[in-house]
């Protein structure tokens, strides 16, 4: 049943749909977008890459069903990015939606990006060449760096695990560039939210056993669609060095190509690691988003449509 939807106002109406991998976010977003007169912004760490199509399970042109999607096929696999790219992308797409009188649906494949956009992040200091070199030199002994930072700033380091290279390096960079411990730096440079207008967040809640079944079926379909050939071509074109080549689905397939896994083992390995990712995503979404509506897919669909009709 097609429902009468409110036309966009200024500011536009927007909402976010999140959920674990294989929970049905993309299809639900397209369905809602048709009735909501909306465009879709994808926040996903793999769909952002060109040529990584099967592994990322990004919606095909047919699955997009005429709905404009953004945040997909932006970078090549050997290009790097961080959350600030999605922040800039959101600002651009939000403005585009305003100008075209379209509503906006954010599909949060990676909940961390959405959380960062809602809460904001503090701007990091720019490092000169000498400072970048010193950071690189010190990070060769990550254990020593961690102990040093732990002594200087125990408040910050108690929230960072000793093997979290990315966050340890950021903390070190802040200290070396500003001569200020991270906790004081962040007090002086509070986070600035990117999303400032109202954003209802809807989470697809899926029982673990059902989600595992969906993941297994999707993995088998990816194999039939040419997963192995896609990864082999990616390795040929970009080598194994880029961060994108360490993603679930790619790293296991590389082990298969090296002869360490049989085809059945490859399917099982990808499905198992994807299920573990889904568990982490579910935990993150439940703990990090406060005012959230979390329901089964079919119930959530009706809830979203009802809420939009009333707004």
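Within region 153-166, is even one residue assigned to a helix (DSSP H, G or I), in the same structural domain as residue 32 (by TED's automatic domain parsing), over 30 Å from residue 279 (Cβ atoms) and free of Cβ contacts under 8 Å to residues at least 12 places away in the same chain? Checked against the condition, which is being assigned to a helix (DSSP H, G or I), in the same structural domain as residue 32 (by TED's automatic domain parsing), over 30 Å from residue 279 (Cβ atoms) and free of Cβ contacts under 8 Å to residues at least 12 places away in the same chain, region 153-166 yields no hits at all. Scanning region 61-74 for residues that are within 20 Å of residue 16 (Cα to Cα) and in a helix (DSSP H, G or I) yields a count of 2.
For region 235-252, filtering for residues that are touching a residue at least 40 places away in the same chain (Cβ under 8 Å), touching a helix residue (DSSP H, G or I) at 6+ places or on another chain (Cβ under 7 Å) and in a helix (DSSP H, G or I) leaves 3. Listed by first and then second residue, the pairs with beta-carbon distance under 8 Å, at least 6 apart or on different chains, first residue in region 188-214 and without any contact (Cβ under 8 Å) to a residue 24 or more places away in the chain, second surrounded by 13 or more Cβ atoms within 10 Å (Cβ to Cβ), are 188/180.
Residue-by-condition table, conditions (1) out of contact with any strand residue (DSSP E or B) (no Cβ under 7 Å at 6 or more places or on another chain); (2) assigned by TED's automatic domain parsing to the domain that holds residue 300:
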site	(1), (2)
169	yes, no
174	yes, no
182	yes, no
198	yes, yes
202	no, yes
207	yes, yes
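Among the candidates 131, 150, 138, 101, the residue that is more than 15 Å from the chain's Cα centre (by Cα), surrounded by fewer than 20 Cβ atoms within 10 Å (Cβ to Cβ) and over 21 Å from residue 185 (Cα atoms) is uniquely 101.
Does residue 120 satisfy the criteria of being at positive phi and under 21 Å from the mean Cα position of the chain (by Cα)?
yes
Exactly one residue among 125, 77 is touching a residue at least 40 places away in the same chain (Cβ under 8 Å), in a loop (DSSP other than H, G, I, E, B) and surrounded by fewer than 18 Cβ atoms within 10 Å (Cβ to Cβ), and that residue is 125. Checking each residue of region 180-187 against the condition of being assigned to a helix (DSSP H, G or I), at pLDDT 95 or above and loosely packed, with under 13 Cβ neighbours inside 10 Å gives no match.
The values are calculated or read from the model by the stated rules, or taken from the named source; none is laboratory data. What you are looking at is a predicted structure, and each value in this text was computed from that prediction instead of being measured. When we count neighbours, we look across all protein chains shown, and the Cβ atoms used for this are built from the backbone with ideal geometry, even at glycine.
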